[in-house]
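Every number here is computed from the coordinates shown, using simple stated rules; none is lab data. As the structure is a prediction and not an experimental result, all values here were calculated from the model. Reconstructed Cβ throughout: ideal geometry from the backbone, glycine too, with neighbour counts over all protein chains shown.
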Amino acid sequence: MGSQHLDFTANVTEALADRQLRANFKSALTGLMKKRVAVLPNAEEIERMRDDAEAAKRNALAKLPELLERLERKCTENGIIVHWAETTAEANDIILGIMRSHDATKLVKGKSMVSEEMHLNHFLETHGIEALETDLGEFIIQLNHEPPSHIIVPAVHKNRQQVGRIFADNLEGIPYTDVVEELNAIARKTLREKFRTGHVGLSGVNFAVAETGTLVLVENEGNGRMCTTVPPVHVAVMGLEKVVESLSDLPPLLRLLTASATGQLVTTYVNCITSPRKEGERDGPKEIHLVILDNGRSRMLADAQLRRTLQCIRCGTCLNHCPVYIRIGGHAYGSVYPGPIGKILTPQIDGLAEKGVLATASSLCNACEEVCPVRIPIPGIIRRMRTEAYDEKDDGVVKGHGAKKNLLETLVWKGWELTYRIPALNRFVVSMLGKFGDKLPNVGPLKAWTSVRTAPRFAPKSLHQLAKEEGIRHE
Amino acid sequence: MSSTARDRIFARLHAARTTVSPYVPRGGSWQAPMLDKDQRIELLKKRMETVRSEVHVVPEAEWPAKLLEVLKAREPQTMAYGHDAWFGGTLRSKVKGKGLPKLVPYGENVEAFRDELFGIDVGITSTLGGIAENGTLIVWPTPQEPRLLSLVPTVHIALLKADTIYSTLAEAMREMRWAENMPTNALLISGPSKTADIEMTLAFGVHGPKEVIVLVLD
């Protein structure tokens, strides 16, 4: 995955043929959609919450450099060590350096999408460090050497029988079971031992509050609290868009995040971390590091439309509501961030040459924009990705803009334009299509288009012509 | 001197603001309803019970009796607590005898206490307050009552004074002046640890407590 070549069409074809996979996704995502509706109030109140959440994130983006400076200053005052990384490679090196400075070989991890973006586990393993996922879903797929297929429920593509086999095959002395309670108990026993003995704990960050230098993490399992409390060192990683201005921004953001993600009023734990262990305190890490990652984000900020990608709070609800994602699942996208948000985020991070194709997997049905808690105009940005991939006007800004530009398409669109500009040409083309349109050779793009669609039939006479024959003068 | 990653990131961030107008939509219109005291207790209880917490509302003087009842129903072997918590003395005088756990004070640094703590059955803590709107306990651990008391033992018992229950999170943040007083770690806790990572089937007690029991002292 990741930087490997993405054959999206092959992935989609394979996923669509996998009935088990489709059944697993459909059942899980339908449940999530229902739970979301059940926990949100009436439409009018939802819109007021969204007003607040959108304002909080757009305000933060409008003041991003000041807020990041303030966050850094407050964190430093509180005793948190702040690091900056332009690229994922730099962020990985920083974390390796922290591990080495403590002679640490065991990292226990809470769920973090940024660490997936960094491919941190693989990187650390090549340097002899065990990086263990402790969120149950992440733990399951790590045992099976798979990436997450959903940003909130990473093992959503597995059913209980598959999980039972993964445990039996990979954990010592564990017999097969497909009883969910027993599977959870196995994970509890295995992982509590790891929390007790881990050298360093790693977490993501849901919101970083500039006003107080506080890192806010939400979770249900308690593994996040374990990772950020039991080991003597805590490392938090975040994308630079996670900062918000003040604590008062949190209530609507938290409420919408958990409602959108899992249909909950609140998670089991909201964990607000402001400093390492102080004099006299009995537990908590003695050292906290915050790694702030750019990886293409500051470039998105410079464009009024693209910057709205950075409003994302990673709730995953656009995945749950996407007719394409529901049918193909997360792995087909071959990227850390799948689904609608992935279609706009991934091409901007990895470039249009490599990942621009993801933006084609949308019917622009607008479901994602309708449910987005912070109102990211995802379909509009998907169209922007498509336009920039061809970049006819040569004014693109996204990495790899113009990557799909080609002579055939340029000529076709030029022809289309001329046909509508020059009346004589229009009449000629329309009459030709009426006569020969149904006899076009079934090759190239026409063949691809008609492989799963019925080819349109051309009317022998155009509407203009019919109107004229009917004697309508001012059509 | 060569520029650092930080310099290069900030150069781009500052440059970006010159290209985009600073339009920001107006927020601040959403607020959950404010409730009176009885409504706050009732809603907190309802919300917490929905996520499988056990909530008992008892007159202030009767909480030790309720605690003993809760403990006797479970017969735990050990209970960790903060020696200097406001209720420490009461525990030491009341939690004695058959069917009641041995009291273990969290009196050392975690490095020395960790292995014992992971085997303890019950952790009991005070709370700074509660929030009715989302059914959570506000827990700010202290040197007297460390963070892991509410996480590692199999059962977490929390004492909550009814007059510290707020209607909303926003109100709690304002009234308690969070912005000026953020502690090392501030927690909201709504119930036992849970997961739905396998087939979206909800199960409790995955890493942290399997049970959360709240005594609301009215």
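Here are some notes:
- Per-residue ³J(HN,Hα) for the stretch A:383-392, Karplus 6.51 cos²θ - 1.76 cosθ + 1.60, θ = phi - 60°, Hz, x for Gly and Pro: 5, 4, 4, 5, 4, 5, 4, 9, 6, 4
- The order of B:Ile189, A:Ile382, going from fewest to most other C-beta atoms within 10 Å of their C-beta, is A:Ile382, B:Ile189.
- For the stretch A:175-213 versus the stretch A:1-40, the inter-centroid distance based on Cα atoms is 25 Å.
- Net +/- balance of residues flanking A:Asp135 in space, Cβ distance below 9 Å, scoring K and R +1, D and E -1: -3
- Charge context of B:Asn109, other residues only, Cβ under 14 angstrom, K/R +1, D/E -1: -1
- Spatial separation of Cα centroids for the stretch A:363-416 and the stretch A:88-141, in angstrom: 35 Å
- Simple spin-label estimate for A:Glu181 and A:Glu14 in nanometres, 7 Å along Cα-Cβ: 3.8 nm
- Inter-part distance where the stretch B:89-156 and the stretch B:25-41 are each reduced to a Cα centre, Å: 31 Å
- Loop-located GluC sites (Glu not before Pro) in the stretch A:142-209 (DSSP state not H, G, I, E or B) with no more than 16 neighbouring Cβ atoms inside 10 Å: A:Glu172.
- The stretch A:348-475 - charge dipole about Cα centre, Lys and Arg +1 at Cβ, Asp and Glu -1, debye rounded to 20: 420 debye
- Extreme residue, positive dipole direction of chain A, given options A:Thr360, A:Leu132, A:Ala332 (C-beta unit charges): A:Thr360
- Candidates per trypsin sites (Lys or Arg not before Pro) in the stretch B:140-204, loop by DSSP, up to 15 other Cβ within 10 Å: B:Arg177
- For chain A, the longest site-free run once trypsin sites (Lys or Arg not before Pro) in DSSP loop states with at most 11 other Cβ atoms within 10 Å are removed: A:1-392
- Crossing angle, helix A:88-101 versus chain A [Cα axis fit, 0-90 degrees, rounded to tens]: 10 degrees
- Pairs over the 27 Å Cα-Cα cut-off, from the set A:Lys109/A:Lys278; A:Lys106/A:Lys286; A:Lys278/B:Lys210: A:Lys278/B:Lys210.
- Cβ-Cβ distance of A:Leu425 and A:Glu370, R₀ of 30 Å, FRET efficiency by 1/(1 + (r/R0)^6): the value works out to about 0.15.
- Percent antiparallel among DSSP beta bridges (both partners in the stretch A:56-295, rounded to 5): 25 percent
- Shape call, the stretch A:407-469: gyration tensor on alpha carbons, a/c limit 1.5: oblate
- Pairs over the 20 Å Cα-Cα cut-off, from the set B:Lys45/B:Lys102; B:Lys45/B:Lys96; A:Lys35/A:Lys57; A:Lys57/A:Lys242; B:Lys45/B:Lys66; B:Lys37/B:Lys94: B:Lys45/B:Lys102; B:Lys45/B:Lys96; A:Lys35/A:Lys57; B:Lys37/B:Lys94.
- Those chymotrypsin sites (Phe, Trp or Tyr not before Pro) in the stretch B:14-123 that DSSP places in a loop and that have at most 10 other beta carbons within 10 Å: B:Tyr23
- 15 Å beta-carbon shell around A:Lys189, net charge (K/R +1, D/E -1): 0
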